[in-house]
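For reference, the structure discussed in these notes is given below.
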Amino acid sequence: MWDVAVVGLGGVGSFALRSLARRNPPLRIVGLERFRVGHDRGSSHGGTRIYRHAYFEHPSYVPLLQRSTAEFRALQEEAKRPIVRQCGNLIVERRRRRSGGSSATPVVDACLESASRHSIEVELIDDHRELSRRYPQFRFDAGHVGMIEPGGGYVRPEAAVQAAIDDAVGHGATIQEGVKVESIVEMDEGRGDGGVAIRGISKDGQNHNIEARKVVVAGGPWAGQLIPQWSKHLRVTKQVQAWIDIGRLDSNTEVQMYDPSIMPTWIREENEGLSEDPMLYGFPCDPQSENPTWMKIALHGRDDPVNPDDMMSGARDVSEDELDELRIAAAPFLRGVSPDQEFVHAKTCLYTCSPDGDFLVGRPKGNRHVVAAAGLSGHGFKMTPALGRALADMVIEGKTDLPVSFLCASRFED
């Protein structure tokens, strides 16, 4: 019997595995992955992911963000591979029409609140001419307000996951790829210490069953299938990310302007009133990638529900209509990008969303030996080191000193 099994080796699972493998005394740890480590079927891929700390979503996330950024940097140093790049993060918001005492810039104001509460360096830029001077890659007008966080940037998700897995294996963990877990059932305590039976199928169609004393579930889009108690709180949506080759834009485009030494990661919020259109976000080119002149853009929060099992074949393709959504959003804001912009590459990304947009972390109701994380809602990769550590703490020690209690699933229970 394994001491701990980790089901799902994306962002959270890989860092949980790493944290468990580094424990003393050593544990017998196994990680089960449905596909291969570093796959592109969930939301731990895409070349780059924004990290930031002045968090508009909720100030309570900030300690998890700061812990995770430090762990990404430490892993980068240990692995001797590029994982994280600090280039700043720019939040741009259009002033809204005030309603009663509401804020004209609620997203920027929430960032400033987090920054103030946690002493994060930020700068408010409320003059669109100054925004244009500093960031000529964009089109700003008199309605725009910006906030730059110099300490933000991007993480390379595939590199981070692989480095975490390599470190875990180096500390004794075992990896089993191509295993589709179909059920996780706690065994009768009358059998010694009890434990958990994991029933799965290998990629060649054979039964693949194991037992473990404890289990960590980090199933991404399949979390609802693996943790039935949480299924009603989880909704999977299809997101689209696409790349533009800056080298193919008009002759006036200076490729150097899109280098991370000059251009930050960015998020643009354009909503007016009660509109809930997705946010547009993007990255500078990554000079250390295989395609150093490609710039990635995407929409955050598309309301396109899907069954993750349907995304195994053609449903993963990105349609022209979906790319048109990106073109329509990006062309007015990004200089050099046209309404009929050609994309050199596009991929889907699956968000697993909770009702309130906050994560579910902890022990599912009725379980003694299982802990899980799910519903990262499109903003969780930047916190995967802290979430992995928290799950490892909880499954071994029954508690964690990391501030995750506000993410307990009991908030949805009657």
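What follows is calculated from the coordinates using simple rules that are stated; it is not laboratory data. Since this is a predicted model, take the numbers as computed values, not measurements. All Cβ positions, glycine included, derive from the backbone under ideal geometry; neighbour counts span all protein chains shown.
Modelled spin-label separation between residue 117 and residue 202, with each label point placed 7 Å from Cα along the Cα-to-Cβ direction: 4.9 nm. A Förster radius of 41 Å combined with the Cβ-Cβ distance from residue 97 to residue 24 puts the calculated FRET efficiency at roughly 0.10.
Each residue of the stretch 332-338 was assigned a 3J(HN,Hα) from its phi angle through the Karplus expression (A = 6.51, B = -1.76, C = 1.60, θ = phi - 60°), giving x, 10, 9, 5, x, 9, 9 Hz with x at Gly and Pro.
When the charge dipole of the stretch 66-190 is built from unit charges on Cβ atoms (+1 for Lys and Arg, -1 for Asp and Glu) and taken about the Cα centre, the candidate among 153, 70, 169 whose Cα reaches farthest toward its positive end is 153.
Could you tell me the calculated FRET efficiency between residue 127 and residue 304, based on Cβ-Cβ distance and R0 = 45 angstrom, to the nearest 0.05?
Working: r = 37 Å, r/R0 = 0.82.
Efficiency, rounded to the nearest 0.05: 0.75.
Can you tell me the FRET efficiency between residue 139 and residue 328 if r is taken as the Cβ-Cβ distance and R0 is 22 Å, rounded to the nearest 0.05? FRET efficiency, residue 139 to residue 328: 0.95.
Under 5 Å from the amide H of residue 334 lie the amide H atoms of 139, each residue being 5 or more positions distant or on a separate chain, with H modelled from the backbone and absent for Pro and chain starts.
For residue 125, the amide hydrogen comes within under 5 Å of the amide hydrogens of 146, 147, 148, counting only partners 5 or more places away or on other chains and with H modelled in the peptide plane.
When Cα extents along the principal axes in Å is calculated for this entry, the matching label among (1) 83, 59, 51; (2) 66, 43, 39; (3) 71, 46, 39 is (3).
Counted residue by residue at 0.36 nm each, then reduced by the alpha carbon distance between them, the extension gain from residue 188 to residue 317 reaches 42.0 nm.
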